[in-house]
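Shown next, in structure tokens, is the structure this report addresses.
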Amino acid sequence: MPTDIKLDEGDGNHVVIEGSVLRTTASDLILDAPARRRTGGFRRALVHDGYDGLTINFNGDYPGGVTVGSNITVARDLTVAGEIRWKSARNGEERKLTELIDRIEYDIRHLNLYSGHDAIDEIRNALTSLANLFDAAAVPPWSTREEVENGDDMGVLYSSAEDLGFDIVYHDIDGYPPELYDRVCKIEPPPGTFLRKGSTVYIWFCEEG
């Protein structure tokens, strides 16, 4: 396609470059809005560095860091020089990945399946402990609307959806409004699935069998 550079496009604040390829022999791309500066120094957004690599925010020029507003797909290895942290969707708490790995290793080392205790209970308790580290919980095998909304026997066996941090969407199987029935016929994702808090669980109600 033909190339062109258009000045003052749109509201008068745009420069439009048309073409299939934009090529420059410069090594540094600088994005520097004076009104957004908080400190002095350079603002090198992209740099073709001395190792023939592409460096974003060269030398940490942007004190506010780099923000990615959507998902990231990494096709090859990912090397991290510092800590990996993530923020809990439930309470905003930040956690270090290294701390979680240490806790996982601790729980696995102390998982005792030959102590005379019920092995299934040992595994269930270990998985629940690990899920809590990741701000997650297992979907319970609720059988009634009461269990979904208030838990089983005061939450001793099965906690309520609210306590687990799940969002619930009700459905019906027989074509009637879901509020008409109280018996749970189907849960998706199925019981036993570990989900992050804030995830949606779909529940189908049907007539008493």
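Tell me, which residue of region 147-170 that is modelled with pLDDT of 90 or more and among the acidic types (Asp, Glu) is nearest to the chain's Cα centre (by Cα)?
Among them, the one singled out is Asp167.
Between Gly50, Gly41, Gly12, which is assigned to a loop (DSSP other than H, G, I, E, B) and surrounded by 10 or more Cβ atoms within 10 Å (Cβ to Cβ)?
Every option except Gly41 fails the conditions.
Give the residues of region 16-38 that are surrounded by 10 or more Cβ atoms within 10 Å (Cβ to Cβ) and either touching an Asp or Glu at 6+ places or on another chain (Cβ under 7 Å) or over 26 Å from Val66 (Cβ atoms) (or both), sorted by residue number.
Residues satisfying the conditions are Val16, Glu18, Gly19.
The values are calculated or read from the model by the stated rules, or taken from the named source; none is laboratory data. Computed from a predicted structure; not experimentally measured. Cβ: placed from backbone, ideal geometry, glycine included. Neighbour counts: every protein chain shown.
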